[in-house]
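Taking it in order: structure first as structure tokens, then the write-up.
The values are calculated or read from the model by the stated rules, or taken from the named source; none is laboratory data. If you're wondering where the values come from, they're calculated on a predicted model, not measured in any experiment. No Cβ is skipped: glycine too gets one built from the backbone with ideal geometry, and neighbour counts run over all protein chains shown. What goes into the accessible areas is simple: the full protein's heavy atoms, side chains included, and nothing from ligands, DNA or RNA. Shrake-Rupley method; radii C 1.70, N 1.55, O 1.52, S 1.80 Å.
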Number of protein chains: 2
Amino acid sequence: MESAEPSITIQNVVASVDLGTKIDLILVSKQLEKAEYTPEQFPGVIVRLKEPKAAFLIFSTGKMVCTGGKSEEDVYEAVNTMVDMLNEIGVGITQEPQITIQNMVASASLGVEINLEVASFALDNVIYEPEQFPGVIYRMRDPKVVLLLFGSGKLVVAGAKEKEDVYLAVEKVNEELEAIGSLRTR
Amino acid sequence: MESAEPSITIQNVVASVDLGTKIDLILVSKQLEKAEYTPEQFPGVIVRLKEPKAAFLIFSTGKMVCTGGKSEEDVYEAVNTMVDMLNEIGVGITQEPQITIQNMVASASLGVEINLEVASFALDNVIYEPEQFPGVIYRMRDPKVVLLLFGSGKLVVAGAKEKEDVYLAVEKVNEELEAIGSLRTR
DNA sequence: AAACTTTTTAAATACCCTTATAAAAAGTAT
DNA sequence: ATACTTTTTATAAGGGTATTTAAAAAGTTT
């Protein structure tokens, strides 16, 4: 008997971007009404886009961080939009932006409850302090990601560099939990 | 078949007190380290007692408000303690304090769940807006009290002038809810 | 003349925040 | 050299806030 496939949803994609040109943050913060800039608090300008929904941290070095994307495509689209906005206010970006996916976060549900006590005893590289945090923190070595396991059978995968790592990690933890008998159909 | 007696607990007794002597609030706030006095915020001095646990609002007119008592006896005892404290710092209280119970709040449990939808339709003088407040607000005319009814079968009685009103109100609402069929053993 | 200020108390909801995870960027601070 | 600062996102448990009710007192503000 085989359980149903776990449902998996990529919830957040973070990428670093190199525009190849120094940027005048004062200019950006003054020209873009949606820009937030409080240098004494954080060195980057913060800009949020609605479509696709994403947030940018723009630095004077010409590098940026894009967060909030739901997919890699979201990130590419958001970067294009951001670059157009910057060029419209006079920032001369001539090179192709170098985009690197740095982190992917996903949520998943195994469809069955997880006995966290059993899981924390049988798995390695695990931290479980329910009074501090309700989930089991499981650092998987391959793929190198961190999973947060909850009693409800839902879990979070963080630190993946690519989509495939997310799928592999969920499949793997599902098998491991099954093997140690910490799963129970609800 | 008769259901068990509802459990009732008096949770708060509020009383007004007249000491019959004008009081120098500046003196009180300086002599009593536990006194709180912020006249621009509230005209009375606030003093909290630990045994019995109660809070006093003391006004320059010589009148006070005592809140937090769990019984009428608590209030009488708290007032005596408060009067002694005031006389110890030089406030000359010679008359017997006039104490009037102004409000009693009680919590109770009927031991059975209440269908609030049914109750709000069948009872008069009722307000039920679950998205604003989870309980049904029922203004009973006799005894004149307000009841807050919850789906769990627990309720709150507020506005009673005497203990007997609390018991009568709980007994009455229990019968009314039973009569309209909004009670269900859990 | 009302409506607000303050204090107390139970009930049960909805919020908020914090806890924890990863990652980059470029500043400040130990 | 670390450890912070900021942004995003799911997950969930705990804490805190708010909501509502009554009542008095004596001030302020509509």
B:F59, A:F56, reordered so the largest accessible area comes first (probe 1.4 Å) = B:F59, A:F56
Considering the alpha-carbon set of chain B alone, what are its Rg and its Dmax in angstrom?
-> 20.3, 63
With all protein chains present, how much of the accessible area of the protein assembly as shown (probe radius 1.4 Å) comes from carbon and sulfur, to the nearest whole percent?
-> 51 percent
Dipole magnitude of chain A, debye to nearest 20 (Cβ charges: Lys/Arg +1, Asp/Glu -1, about Cα centre) = 400 debye
Counting helices only, and only those DSSP H runs with n ≥ 4, report the 222 nm mean residue ellipticity of the protein assembly as shown as the sum of -39,500 (n - 2.57) divided by its residues, in deg cm²/dmol to the nearest 500.
-> -8000 deg cm²/dmol
Expected vector for region B:140-152, Karplus 3J(HN,Hα) from phi with 6.51, -1.76, 1.60 and θ = phi - 60°, integer Hz, x for Gly and Pro, equals 8, 7, 9, x, 6, 9, 10, 10, 10, 9, 10, x, 5
Dipole check, chain A, charges on Cβ (K,R +1; D,E -1), about Cα centroid: among A:S7, A:N115, A:F150 the Cα furthest to the positive pole belongs to A:F150
Karplus-derived HN-Hα couplings along region B:40-48 (A = 6.51, B = -1.76, C = 1.60, θ = phi - 60°), whole Hz, x at Gly and Pro = 6, 9, 7, x, x, 8, 10, 9, 10
Rg/Rh for the protein assembly as shown: what does it come to with C-alpha atoms and Rh from Kirkwood?
-> 1.19
Gyration tensor (Cα) of region A:110-185, equivalent ellipsoid semi-axes in angstrom | 18, 14, 11
Given B:V75, B:Y37, B:V17, which one lies farthest toward the positive end of the charge dipole of region B:7-117, if we put +1 on the Cβ of every Lys and Arg and -1 on the Cβ of every Asp and Glu?
-> B:Y37
Rounded to the nearest Å, the spacing of the alpha-carbon centers of region B:119-171 and region A:89-117 is 52 Å
If N is the residue count of region B:1-98, its Cα Rg over 2.2 N^0.38 Å rounds to 1.26
Packing rank of B:30-43, B:165-178, where each peptide gets the mean count of other beta carbons within 10 Å, highest leading | B:165-178, B:30-43
Please give the length that would be gained between B:I46 and B:T100 if that part of the chain were fully extended, namely 0.36 nm times their separation in residues minus their C-alpha to C-alpha distance (nm, one decimal).
-> 17.5 nm
Solvent-accessible area per residue for region B:1-124 (1.4 angstrom probe, square angstrom) = 55 Å²
